[in-house]
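Student: Got a structure here, written out as structure tokens. Questions coming.
Please treat every number below as a calculation from the coordinates, not as lab data. It should be emphasised that the depicted structure is a prediction, and the values quoted were computed from it without experimental measurement. When we count neighbours, we look across all protein chains shown, and the Cβ atoms used for this are built from the backbone with ideal geometry, even at glycine.
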Protein chains: 2
Amino acid sequence: MTTSTAFTIACAQTDPVIGDLDANREMTVAAIHEAADGGAKLVVLPECATGGWAFTGMDESLAAAESVVDGPTIAAWKAAARERDIWVCGGFGELADDTVYNSAVLISPDGVESVYRKVHLWNTENNAFTPGNLGFPVVDTPLGRIGMIICYDAWFPESMRSCALQGADLVLAPSDWVPNPGQQDMPSLANMMTIAGAHSNQVYVAAASRVGVERGQRFIGESVIAGHDGWLLAGPAPAHEAIIFAEIDPIGSRQERRDNIFNRPLGDRRPEAYAQG
Amino acid sequence: MTTSTAFTIACAQTDPVIGDLDANREMTVAAIHEAADGGAKLVVLPECATGGWAFTGMDESLAAAESVVDGPTIAAWKAAARERDIWVCGGFGELADDTVYNSAVLISPDGVESVYRKVHLWNTENNAFTPGNLGFPVVDTPLGRIGMIICYDAWFPESMRSCALQGADLVLAPSDWVPNPGQQDMPSLANMMTIAGAHSNQVYVAAASRVGVERGQRFIGESVIAGHDGWLLAGPAPAHEAIIFAEIDPIGSRQERRDNIFNRPLGDRRPEAYAQG
């Protein structure tokens, strides 16, 4: 299915070095170029791809954070996006309001289009980051309406639902997925939460997860690109640096999704029946 | 893990004959006895286990419906529950308010404990049933706090979340699962939605799905019992009449679930960040 609105999306798995902003900038910019070489119009990078993730406290995460306005990695991503005519979504430690958010930025060839700050902090992240205060912004772009979530957010169905209720066609999910205790002989919970979220919201989801080990914490990779029916278009990627590609059509599929009577997860909702809390 | 609060739960797959209330009563009562013979303290039967499902209109579904007060199948389930000291949850076409709901009943050895009416009607069900008007009731029982959902409800994360927000330890899901288009080499979406719901709410989920073919619609079985971490304790069952068992501990696991910092899907929620609609 190639229409004028279809395009290739990529998820790139990197292995950031904690605190080494220069090395991480270099590897993420290389990933952007690799995605562009592969024909991608949009590439998703992992969570905290700029500075690392396993910080013990805010002092450490502050030292590795940068501003979306004048941070050097954001500037490098903007330059690469402009040079290669590609969109970039990546996770970064965001310096703002005298604190650090676990954020994701969406960059077009023209510059920064949207910033999302992780709403649901996981476990020890609470020591190193401040909870997001921007909700789940969805921006209308030439590629479709795009929302962002980060990693653990996918464990809360409200996250992708919040994007979908605002009209998202596509959710980008920079992630640092870790192994889940008790893994059975089936897809990882990270993958199943992504599939369930895509299917139950009829949105495309592109989740890019990091690999490697940081301060004893192993990351699984397993990046996936899910179609709006939930099934995988690409991935899960292996547990090493890799890049996956898929063709998607967020805008061109709107009519088909709206007219779907087999699975109508937004049209068939009944908010008046739901418990609040 | 055997504590005084642990017990065996069963999911029984039946193949109802549309409109044949007597035959369906006989097969469901037989399933209750088989579950009791296997040591179950609670058995879950499929959706619409009493009268069938693929009705073309309300006239047909009315003819196969019965009241929870004096319906003959409900009476038979109550008698079997009392005789065998077992709890029964089963789906039935409920005659009430001069209409028909796609309902589930929870019966203890002492009688009817709770009724749930399917909130999210799927596709052609809208021709034959009236949408549920009772929300998602959760009842506190000696086995734990129990909520119910039916089939397509699992596609809406709000369903299990509504149960969990009201304190549910265990969600029972009578279902008539159908094949999903594009099935990939991984668990069915029905199974993955169940797993995702259990994991993202830290609740046990017991989903009993019917088998067979009714008016051209095939059902997949694949009943599962998921632990509060999402992983399967039993199933997926094969695509024919079958019964699966697992030991669960809804009450005894409360402390462990509350103290879990790896996955804390209720404690880490941030309702103020969620889009409404």
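Student: Mind listing the Cα extents of chain B along all three principal axes, in Å, largest one first?
Tutor: 51, 43, 39
Student: A further question follows. Can you compute the equivalent ellipsoid semi-axes for the range A:36-139, i.e. the square root of 5 times each eigenvalue of the Cα gyration tensor, sorted largest first and rounded to whole Å? Before the final figure, lay out each step's value.
Tutor: Values: eigenvalues 119, 36, 29 Å².
Semi-axis lengths for the range A:36-139 are 24, 13, 12 Å.
Student: Shifting gears a bit: How high is the relative contact order of the range A:7-262? Use alpha-carbon pairs under 8 Å, at least six apart in sequence, and give a whole percent. Please report the intermediate quantities before stating the final value.
Tutor: Values: 662 pairs, mean separation 51.6, N = 256.
Taking the mean separation of contacting Cα pairs over the length of the range A:7-262, I get 20 percent.
Student: Would you work out the charge dipole size for the range A:153-277 about its Cα centre, treating the Cβ of every Lys and Arg as +1 and the Cβ of every Asp and Glu as -1, and quote it to the nearest 20 debye?
Tutor: Values: 10 positive and 15 negative charges, 49 e Å.
With Lys and Arg at +1 and Asp and Glu at -1, about 240 debye.
Student: Sorting B:Arg215, A:Arg257 on the 10 Å Cβ count, fewest up front, what's the list? Each step should come with its number before you reach the end.
Tutor: Numbers: B:Arg215 10, A:Arg257 19.
Fewest-to-most ranking of B:Arg215, A:Arg257: B:Arg215, A:Arg257.
Student: Lys/Arg Cβ at +1, Asp/Glu Cβ at -1, dipole of the range A:7-262 taken about the Cα centre: which of A:Pro250, A:Ser108, A:Phe129 is farthest positive-ward?
Tutor: Looking along the dipole axis, the top candidate is A:Pro250.
Student: May I ask you to derive the FRET efficiency for A:Arg82 and A:Thr5 from their Cβ-Cβ distance with R0 = 22 Å, giving the value to the nearest 0.05? The partial results should precede the final answer.
Tutor: Numbers: r = 22 Å, r/R0 = 1.01.
Efficiency, from the Cβ-Cβ distance: 0.50.
Student: Once the label point is placed 7 Å from Cα along Cβ, list for B:Arg82 the distances to the corresponding points in the other copies, in nm, shortest first.
Tutor: 8.1
Student: If I model a spin label at A:Thr124 and B:Glu247 as a point 7 Å from the Cα along the Cα→Cβ vector, what separation in nanometres do I get?
Tutor: 3.5 nm
Student: As a test of the definition: which semi-axes, in Å, follow for the protein assembly as shown when you take the square root of five times each eigenvalue of its alpha carbon gyration tensor? Largest first, please. Provide the component values of the computation, followed by the final result.
Tutor: On the way: eigenvalues 406, 117, 69 Å².
Largest first, the protein assembly as shown gives 45, 24, 19 Å.
Student: How much FRET efficiency would the formula 1/(1 + (r/R0)^6) give for A:Asp259 and B:Arg218, where r is the Cβ-Cβ distance and R0 is 30 Å, rounded to 0.05? If you can, show how the numbers build up before the last one.
Tutor: On the way: r = 24 Å, r/R0 = 0.79.
Step by step, r from the Cβ atoms, then E = 0.80.
Student: Right, something else. Long-range amide H contacts for B:Trp177: which residues qualify at under 5 Å (H placed 1.01 Å from N, peptide plane, sequence gap of 5 or more or a different chain)?
Tutor: It is B:Arg210, B:Ile220, B:Gly221, by chain and number.
Student: Right, next: Mind checking the full-extension length gain between A:His33 and A:Thr99? Use 0.36 nm per residue of separation minus the Cα-Cα distance, one decimal, nm. Could you put the intermediate results ahead of the total?
Tutor: On the way: separation 66, 0.36 × 66 = 23.76 nm, distance 3.11 nm.
Stretched fully, the A:His33-A:Thr99 segment lengthens by 20.6 nm.
Student: Which ordering of B:Val68, B:Val211, B:Val171, B:Val205 is given by a fewest-first count of other beta-carbon atoms within 10 Å? Intermediate values should be presented prior to the final figure.
Tutor: Values: B:Val68 16, B:Val211 23, B:Val171 29, B:Val205 32.
Lowest count first: B:Val68, B:Val211, B:Val171, B:Val205.
Student: Enumerate the lysines that A:Lys41 could reach by cross-link, defined here as Cα to Cα under 16 Å, with residues fewer than 8 away along the same chain left out.
Tutor: The qualifying lysines are A:Lys78.
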